[in-house]
1. Once both labels are modelled 7 Å past Cα along the beta-carbon direction, what's the Val32-Ala253 spacing in nm?
2. Suppose we keep just the alpha-carbon trace of region 208-348; what are its Rg and Dmax in angstrom?
3. So which residue, out of Ala331, Ala302, Ala215, gets the largest mean-square fluctuation from a GNM of the chain using Cα contacts under 10 Å as springs?
4. Give the longest segment of the chain that steers clear of trypsin sites (Lys or Arg not before Pro) in DSSP loops with at most 12 neighbouring Cβ atoms within 10 Å, not counting the sites themselves.
5. With a ≥ b ≥ c the root eigenvalues of the C-alpha gyration tensor of region 226-306, is it rounded (a/c under 1.5), prolate (a/b larger than b/c) or oblate?
6. May I ask what percent, to the nearest 5, of DSSP beta bridges between residues of the chain are antiparallel?
7. Checking the cross-link filter: which aspartates and glutamates have an alpha carbon closer than 14 Å to that of Lys48, excluding same-chain neighbours under 8 positions apart?
8. Could you tell me what percent of the accessible area of region 317-419 is made up of carbon and sulfur, with a 1.4 Å probe and every protein chain present?
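The values are calculated or read from the model by the stated rules, or taken from the named source; none is laboratory data. What you see is a predicted model, and the numbers here were worked out from it, not measured in a lab. Don't worry about glycine lacking a Cβ; one is built from the backbone with ideal geometry, like all the others, and counts go over all protein chains shown. Just so you know, the surface numbers come from the protein's heavy atoms only, side chains and all, with ligands and any DNA or RNA stripped out. Shrake-Rupley method; radii C 1.70, N 1.55, O 1.52, S 1.80 Å.
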Amino acid sequence: MSNAVTRQASAAPTAFAVETVRADFPILHQQVNGQPLVYLDNAATTQKPRAVIQALVDYYEQDNSNVHRGAHALADRATEKFEQARLAVASFINAPSSSQVLWSRGTTESINLVAASWGRTQLKAGDQVLVSAMEHHANIVPWQMVANAVGAEVVPIPVDDTGTIDLDAYKALLSDKVKMVAVGHVSNALGTINPIEAMIPLAHAAGAKVLIDGAQAVGHWAVDVQALDCDFYVFSGHKLFGPTGIGVLYGKAELLEAMPPYQGGGEMIETVSFDGTTFQGLPYKFEAGTPDIAGAIGLAAAINYLNKLDRAGAEAHEQALLAYALQKAEALGGIRLVGTAAHKTSVLSFLLDGAHPADVGTLLDQQGIAVRVGDHCAQPIMKQFGIPGTVRASFSFYNTFEDVDRLFAALEKAKVFLL
Ligand code: C6P
């Protein structure tokens, strides 16, 4: 019986001021299908604090202009805010210089940039790119595209039944053929936190570069790219409480400098003539066309918001929510947890015995609960587990223990209805 599990018994009380924080997120305070919204789809995208929404409004109401090219006050203000945003990102991830912070549309575009620019020039026939078996498609397909073009190979790093990378198998795969290890900091489908602190030096010792897909990590704890010593680190603004349409590619300076531009156009050039074109230095060489100025400014507002938050407390709160949800799951019964690694973010991926994930998702939505269902753009790991997909509840720091109670009360109802 789920009500045999009390909150007091399940999780250490968290000192995190969740109700104060919730007040910062206007979207959370609404009814969906006649019930107060319980938003548990944070791995898909996080909600935006009022400070981010206000930064976008302020920008469009007061400063909107194009950057780097105007000879007027608005253009100067827009440029100033846009470049301040780059500095904010650099300091947030401890990049040595803001010139190593490149704007993109998101994680997907950042990985495509590295695969197309670094990959096309550095990979050759017979080379290997290692990716984990639980990668998001965004960290598989761009590598397959370049590998197919140059005759290289994308090789999966085995993952066990709990959703944990097999480190011995990884070590065995490392050889002088491996030129790139591209791995998620955290699996979006399972929540596994990968041991990248161990994997990065091993890759370097084998002569490979490392790209870390941080899409599912940056929203949970502070990332330090210099301490990690990764060659590239990528993430999306919208999973970091910022706007959609803006993303980041961090890279080591010597690698970025040696890489050819990804797209051509305005902004990224120094001189253009029909005899030839010269390109700007970092970071502009990689930023053709008008960038997402508002997105960058909104992302900086999100970072500013997070910098004022008790992030350690937020993470502890998320972990307490996960622990509580795991106890509720055990009490519920008839549930298969997918992804049971020892180190996880606050992601609960599961199947209800005998029920299709899509039906569970619909029944939860009818009760005001937002989750994601499906393969989570991670088909290879779903195939390995022999399942079409899962129901995924992903918690953020603004979720409450009541949200977890609501989820499991709704699952009780779903079981009655579906089974
Ligand atoms: N995962 C999810 O529901 P974009 O779409 O470019 O912002 O992010 C792509 C991406 C790359 N890597 C990881 C680990 C991700 O989780 C995502 C996005 C969302 O899990 C949408 S599929």
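1. Each label point is offset 7 Å from its Cα along the Cβ direction, giving 4.5 nm.
2. Every Cα atom of region 208-348 included, Rg and Dmax give 20.2, 72 Å.
3. Largest GNM mean-square fluctuation: Ala331.
4. Values: sites that count: Arg69, Lys124.
Free of exposed loop sites, the longest segment is 125-419.
5. On the way: a/c = 3.20, a/b = 1.53, b/c = 2.10.
Oblate, since a/c reaches 1.5 and b/c is not below a/b.
6. Values: 28 of 48 bridges.
Percentage antiparallel, nearest 5: 60.
7. Straight-distance partners of Lys48: Asp24.
8. Roughly 55 percent, rounded to a whole number.
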